[in-house]
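J.: Here you go, one structure.
The values are calculated or read from the model by the stated rules, or taken from the named source; none is laboratory data. None of the values given here were measured: they were computed from a predicted structure. All Cβ positions, glycine included, derive from the backbone under ideal geometry; neighbour counts span all protein chains shown. Side chains included, ligands, DNA and RNA excluded: accessible areas come from the protein's heavy atoms. Shrake-Rupley method; radii C 1.70, N 1.55, O 1.52, S 1.80 Å.
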Amino acid sequence: MIEFKTYKLTNGLRVIVDEDDTTPLVAFNLLYDVGARDENENQTGFAHLFEHLMFSGSKNVSQFDEVVQLAGGNNNAFTSNDITNYYITLPAQNIETAFFVDSDRMNSLDVSSKSIDVQRNVVIEEFNQRYLNQPYGDAMLLFRPLVYKSHPYSWATIGKEVSHIENATHEDVVRFYKKHYNPENAILTISGNVKAEEMFMLAEKWFGSIKSKGNYKRKLPVEPEQNEYRKLEVEKNVPVDAIYMGFVMCGRTGNDYYAIDLLSDILSRGDSSRLHQHLVKDREIFSSINAYITGSLDKGIFIISGKLMKGVSLEVAEQHVFEELKSIENVTENELVKVKNKSISSHKFGEVSNLNRAMNLSYYQLLGDINLVNRQNELYDSVSLSDINRVAKSLFKKEKANVLYYRSKNTNV
Amino acid sequence: MIPEIKVPSAIALQKINTFQLSNGIPLYYINSSHLEVIEIQFVFDAGAWFQKKALQARLSAGLIFDGLNNKSSKEISEFFDYYGTFFSAQADKDYATVTLYATVDKLKEVMLLFEEVIKAPVYPQSEIDKALKQLKQEHQVNLEKNAYLARVNFQNRLFGNDHPYGKMLSVNDFEKISREDLLSYYNNFFRPDNCKLFISGKVDDSVLNLMNNHFGTNWDVKGNLMKETKYEVNSEVSSCYIEKSEALQSAIRIGGVTIDRNHEDFNNLQIVNTILGGYFGSRLMKNIREDKGYTYGIGSGLVALKNASYFTINTEVKASVTQQAIDEIYKEIDLLKAEYVSEKEINLVRNYLIGELYRSVDGPFNLMEKWKGLILNGFDHQKFDKLFKVLNDITPEIIKEISNRYYDTNNMLELIVGKNK
């Protein structure tokens, strides 16, 4: 159980505090309700590029990182299709420094042309290092547009293509900042050796006078229902074939989310899971295989991906996966109890770190019900065997499948 | 306007508790009674350093959960999974570690099976065959990753191919390993007289008794504990270029063998390393990423293994600026040697490192990792406590002296995997 206190500023900023006197540190986590899904389809990769630019300096803080380091702090950030999340961990006695630097960059970020030029190059190198210069690195960049025909989830957070990042202008950057980086769009969670009342006072002191610069009402195209099997084949310079299969599922707040998550665990969590035992160990179709969900706020994807053993054809592999998906109808109570126990166990381990707790609190607040943070075990526990059967039947239809054959050019090696 | 910064004072390392099992195995533990979880680690002196054949350490550790006399790999994982327990077993260059993560309420249920896994694995041939097939394929994928090639080739040239820290895996190695190799390795190294236990989380007396009941008795050994072999380091210090024709980036590694943890200059060298490339605001990051935009990340590190230490600067840069990036790296090293670092910069790094020390011991799991490192290297809490003093005492003169003494650019190994044009 995480105990927390909440507060809201007049400008809309939500503040959450989780007091913990077992540590000398504090985690300061600021989540902005903006992600890759909020981008223009001709200007993708922007939310992530902007995340980089948030470190360029602001009116009273010319060197963001240095001020944090001087306070004994460590900081970083990440962007997803849904959110951009910034965090600082530092000794509790310097908590006010975190308020200072993060309020300053929310209010008056200072983006010069030079910083844009440099970060553009850095992000392009990130694009190269993580996606283009890695075997199978571009698989999701190819897979997403297969699954999503209208919704902005059709592009990955890094962007559709390098040229979108290359073409980002100073004007674009300022427009994005004004539209999204506002107090009503942000959720601040503080977890550590602090007192809630004092944190609420500091929030008023540093964030209280910040006015919204813009107005963003999210209105995203709705992804139409899929009613045909879709396949894409590519040939790449990789040593073995790989397959990616995806089925659209509900979003994070959908009723069936918990059942579907447990279904992915039944299929591939741990060595005793079905896909691992049947398709890796017993029949040696795959050298590795994974079933996982994207967990996005809007409709997500249930993905099964794996690397094939040499000599196995993609068609045969796909067939085997479909058979496994069908055989869920004989799932046992034992299997369900197993994955529930694993889930409870990971939640307990996950609660040990202050930073993790802070991130989760911000996230559940974003979902609209912060109390969900303490209800996860109960919600997973309430999933029944018939729920599992029902969601499997409705998800895994051939006419709902999206399949990517990622072929190796070197078939004879 | 700017909030006052209070520099955190030195913290003394929180004590670790010790307990000895009936058969002499030392058990080190940290008790955080408000938690519901527990982490149990068995550490054996059984890393790659000790093996006579490639993959011996890795598989003897990695397959320990994959078969008992009366239980198959599937049954074993099924059992642990059912109780929400996670496990891992792996070997690095020096140690083999077998870890169990459990919730306190399920610990008793899984202890008997865990005992059997530690004391009597059988390494079924079918499991070995499957693992080899998978690893071979994984190896082929790794050979396409520039960062992987850079790392293994760097270590190979630094230590030599006959040295356990330098030996590179080759595709033939997968055919040469047998079940006998794993059984004999297990008998020689996975034994109570070669083992330390580290437990953190909710560890009360009932846990200690449980551990003693299962691991403190009836642990018979076969054969003798093997003595260590001595190895000579055969560095090939020069340039090495491995071309990857389709590469968009080049992986660069520059470095060499250096002083070890026991050397009186080691802590100061750690601070110099931080300034050079050990944090986000380092000289290398500020120049090569933040100013030039050549890379997504560049860093430098000191790798202190049990029997050798080396330093390395590594990055993946846009291929067309490979040579420019290398020039800038040397430029930054030369700058550290030629000019005094300002008090302002020293202060920044000092405060940051104090914060890092705080973070490194925050919570029972981090604290245990810190203690594990100290204990395995024969140190006590003084080694940690001393760091605050070293940070306090460092001066521009010391930094200049250490840089000149330990960064000899004429004697560095320089390796590129990618495209030099």
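J.: Answer with one residue from B:Val361, B:Gln382, B:Ile398: the one whose Cα lies farthest towards the positive end of the charge dipole of the range B:269-421, charges on Cβ with Lys, Arg +1 and Asp, Glu -1.
T.: The one lying farthest along the dipole's positive direction is B:Val361.
J.: Largest first, please: the extent of the C-alpha atoms of the range B:85-138 along each principal axis, to the nearest Å.
T.: Per principal axis, max minus min of the Cα coordinates gives 39, 24, 18 Å.
J.: Run the quick spin-label model on B:Asn347 and A:Glu184: label points 7 Å from Cα toward the beta carbon, then report their separation in nm to one decimal.
T.: Once both label points are built, they end up 4.2 nm from each other.
J.: With r defined as the distance between the Cβ atoms of B:Asn404 and A:Gln63 and R0 fixed at 25 Å, what FRET efficiency is calculated, to the nearest 0.05? Provide the component values of the computation, followed by the final result.
T.: Details: r = 29 Å, r/R0 = 1.14.
Plugging the Cβ-Cβ distance into 1/(1 + (r/R0)^6) gives 0.30.
J.: Answer with one residue from B:Phe87, B:Gly418, B:Val221: the one whose Cα lies farthest towards the positive end of the charge dipole of chain B, charges on Cβ with Lys, Arg +1 and Asp, Glu -1.
T.: The residue sitting farthest along the positive end of the dipole is B:Gly418.
J.: Another question, if that's okay. Is the range A:43-102 rounded, prolate or oblate when judged by the Cα gyration tensor, a ≥ b ≥ c being the square roots of its eigenvalues, rounded requiring a/c under 1.5 and prolate requiring a/b larger than b/c? Write down the numbers at each step before the final one.
T.: On the way: a/c = 2.87, a/b = 1.77, b/c = 1.62.
Verdict is prolate for the range A:43-102.
J.: Based on DSSP, what percent of beta bridges with both residues in chain A are antiparallel, to the nearest 5? Spell out each step's value before the answer.
T.: On the way: 48 of 61 bridges.
In chain A, approximately 80 percent of DSSP beta bridges are antiparallel ones.
J.: In addition: Just subtract the alpha-carbon distance of A:Ser113 and A:Phe78 from 0.36 nm times their residue separation and send over the number in nm, one decimal. Kindly include the intermediate steps, with their values, before the conclusion.
T.: Working: separation 35, 0.36 × 35 = 12.60 nm, distance 2.27 nm.
Between A:Ser113 and A:Phe78, full extension yields 10.3 nm more.
J.: Roughly how far apart, in whole Å, are the Cα centres of the range B:82-143 and the range B:296-319?
T.: 29
J.: Separate question: Which percent of the Cα-Cα distances in the range B:370-421 go past 14 Å? Present the calculation step by step, with values, prior to reporting the outcome.
T.: Details: 954 of 1326 pairs.
Summing the P(r) tail past 14 Å for the range B:370-421 gives 72 percent.
J.: Ranked highest first by average number of other Cβ atoms within 10 Å, how do A:255-262, A:333-340, B:385-392 line up? Kindly include the intermediate steps, with their values, before the conclusion.
T.: Values: A:255-262: 19.9, A:333-340: 18.1, B:385-392: 15.0.
Going by the mean number of other Cβ atoms within 10 Å, highest first, we get A:255-262, A:333-340, B:385-392.
J.: Something else: Leaving out ligands, DNA and RNA, what percent of the accessible area of the protein assembly as shown is carbon and sulfur, probe 1.4 Å?
T.: Numbers: 15810 of 34130 Å².
The C+S portion of the solvent-accessible surface of the protein assembly as shown is 46 percent.
J.: Using only the alpha-carbon atoms of the range B:291-419 as identical scatterers, what base-10 log of I(q)/I(0) does the Debye formula give at q = 0.17 Å⁻¹?
T.: -1.19
J.: Can you give me the orientation-averaged projected area of the convex hull built on the Cα atoms of chain A, in nm²?
T.: Values: hull surface 82.1 nm².
Seen from a random direction, the Cα hull of chain A projects 20.5 nm² on average.
J.: In the range B:80-206, what is the volume of the convex hull around the alpha carbon atoms, normalised per residue and reported in Å³? Mind showing how you got there, number by number?
T.: Details: hull volume 20.9 nm³, N = 127.
Value for the range B:80-206: 165 Å³ per residue.
J.: Still on this structure, please answer the following. Take A:Arg218 and B:Tyr340, extend 7 Å from each Cα along the Cα→Cβ direction, and tell me the distance between the two endpoints in nm.
T.: Distance between label points: 5.5 nm.
J.: Moving on to the next point. So what is the diffusion coefficient of chain B in µm² per second by Stokes-Einstein at 20 °C and 1.002 mPa s, using a Kirkwood Rh over Cα pairs? Display every interim value, and only then the final one.
T.: Values: Rh = 23.9 Å.
In µm²/s, the coefficient rounds to 90.
J.: Same structure again: So, in Å, what gap is there between the alpha-carbon centers of the range A:268-298 and the range A:119-138?
T.: 27
J.: Going by alpha carbons, how many degrees (0 to 90, nearest 10) lie between the helix axis of A:385-395 and the longest principal axis of chain A?
T.: The angle comes out at about 80 degrees.
J.: Does any residue of the range A:256-301 lose at least 40 Å² of accessible area with all protein chains in place compared with its chain alone, and if so which ones (probe 1.4 Å)?
T.: Residues of the range A:256-301 that lose at least 40 Å² of accessible area once the other chains are added: A:Asp271, A:Ser272, A:Gln277, A:Lys281, A:Glu284, A:Ser287.
J.: Could you compute how fast the range A:178-317 diffuses translationally, taking Rh as the Kirkwood radius over C-alpha pairs and applying Stokes-Einstein at 25 °C with viscosity 0.890 mPa s? Give it in µm² per second.
T.: After rounding, the answer is 125 µm²/s.
J.: Roughly how crowded by other chains is peptide A:337-349, in terms of the mean Cβ count from those chains within 10 Å of each of its Cβ atoms?
T.: Values: counts 3, 7, 3, 1, 7, 7, 1, 5, 11, 5, 2, 10, 11.
Average per residue, whole number: 6.
J.: Also: DSSP loop trypsin sites (Lys or Arg not before Pro) in the range A:150-202 with at most 15 other Cβ atoms within 10 Å of their Cβ, which ones?
T.: Values: sites: A:Lys160, A:Arg175, A:Lys178, A:Lys179, A:Lys195; in loops: A:Lys160, A:Lys195.
Passing sites in the range A:150-202 are A:Lys195.
J.: So if the hydrodynamic radius of the range B:167-276 is defined as the Kirkwood radius over C-alpha pairs, what does Stokes-Einstein give as its diffusion coefficient at 10 °C and 1.306 mPa s, in µm² per second?
T.: Values: Rh = 20.6 Å.
Estimated diffusion coefficient is 77 µm²/s.
J.: Any chance you could list P(r) for the range A:275-413, counting all Cα-Cα pairs in 5 angstrom bins from zero, rounded to whole %?
T.: 2, 7, 14, 17, 18, 15, 12, 9, 5, 2, 0, 0
J.: Next up: How are the alpha carbon pair distances in the range A:102-240 distributed across 5 Å bins from zero to the largest one, expressed in percent?
T.: 2, 7, 12, 13, 14, 15, 13, 11, 8, 4, 2, 1
J.: So, one more: With just the Cα atoms defining each centre, how far is the range A:42-109 from the range A:5-26? Give it in Å.
T.: Cα centroid to Cα centroid, the span is 18 Å.
J.: Something else about it: Tell me what chain B gives for mean residue ellipticity at 222 nm when only DSSP H runs of n ≥ 4 count, each as -39,500 (n - 2.57), the sum divided by the residue total, rounded to 500 deg cm²/dmol.
T.: Calculated at 222 nm, the ellipticity per residue is -12500 deg cm²/dmol.
J.: Something else: Going from most exposed to least, what order do A:Thr10, A:Thr97 have by accessible area with a 1.4 Å probe? Could the numbers behind the result be given before it?
T.: On the way: A:Thr10 140, A:Thr97 5 Å².
Most to least solvent-accessible, the answer reads A:Thr10, A:Thr97.
J.: Mind checking A:121-131 for the average number of partner chain beta-carbons within 10 Å of each residue's beta-carbon?
T.: Details: counts 8, 8, 2, 4, 13, 4, 2, 9, 12, 2, 0.
Average per residue, whole number: 6.
J.: Could you point to the residue in A:Gly300, A:Val339, A:Ser353 farthest towards the positive end of the range A:236-357's charge dipole, with +1 and -1 charges on the Cβ of Lys/Arg and Asp/Glu respectively?
T.: Sorting the options by dipole projection puts first A:Ser353.
J.: Moving on. Within 10 Å of each Cβ of B:292-303, how many other protein chain Cβ atoms are there on average? Before the final figure, lay out each step's value.
T.: On the way: counts 3, 9, 4, 6, 10, 4, 0, 0, 0, 0, 0, 0.
Other-chain Cβ atoms within 10 Å of each residue's Cβ, averaged: 3.
J.: Dividing the Cα convex hull volume of the range A:1-137 by residue count, how many Å³ per residue is that? Don't jump to the answer; show the numbers that get you there.
T.: On the way: hull volume 22.7 nm³, N = 137.
Normalising the Cα hull of the range A:1-137 by residue number yields 166 Å³.
J.: Please report the projected area of the range B:1-156's Cα convex hull averaged over all directions, in nm².
T.: Values: hull surface 64.4 nm².
It is 16.1 nm².
J.: A follow-up question, please. Between B:Ser9 and B:Glu180, what FRET efficiency comes out of the Förster formula 1/(1 + (r/R0)^6) with R0 = 56 Å and r the beta carbon distance, rounded to 0.05? Please report the intermediate quantities before stating the final value.
T.: On the way: r = 57 Å, r/R0 = 1.01.
Result of the calculation: an efficiency of 0.50.
J.: Regarding the protein assembly as shown, what's the average projected area of the Cα-atom convex hull, expressed in nm²? Before the final figure, lay out each step's value.
T.: Working: hull surface 132.0 nm².
Taking the Cα atoms of the protein assembly as shown, their convex hull projects to 33.0 nm² on average.
J.: Here is a further query. How far is it, in nm, from the label point at A:Thr169 to the one at A:Ser386 when both lie 7 Å from their Cα along the line to the Cβ?
T.: 6.0
J.: With r as the distance between the Cβ atoms of A:Thr253 and B:Asn187 and R0 = 60 Å, compute the FRET efficiency 1/(1 + (r/R0)^6) and round to 0.05.
T.: Working: r = 55 Å, r/R0 = 0.92.
Given R0 = 60 Å and the Cβ-Cβ separation, E is 0.65.
J.: HN-Hα J couplings of the range B:317-331 from phi, Karplus 6.51/-1.76/1.60, θ = phi - 60°, integer Hz, Gly and Pro as x?
T.: For the range B:317-331, the Karplus-derived couplings read 10, 3, 4, 5, 10, 4, 5, 4, 4, 4, 4, 5, 4, 5, 4 Hz, x marking Gly and Pro.
J.: Just check the range A:76-117 against the gyration tensor rule for me: Cα atoms, a ≥ b ≥ c as the square roots of the eigenvalues, rounded for a/c under 1.5, and otherwise prolate or oblate depending on whether a/b exceeds b/c.
T.: Oblate.
J.: On each of the three principal axes of the Cα atoms of the range B:228-378, give max minus min coordinate, whole Å, ordered largest first.
T.: 46, 46, 33
J.: Something else about it: Can you tell me the dipole magnitude for the protein assembly as shown around its Cα centre, using point charges on the Cβ only (Lys, Arg +1; Asp, Glu -1), in Debye to the nearest 20?
T.: Values: 96 positive and 110 negative charges, 192 e Å.
It works out to roughly 920 debye.
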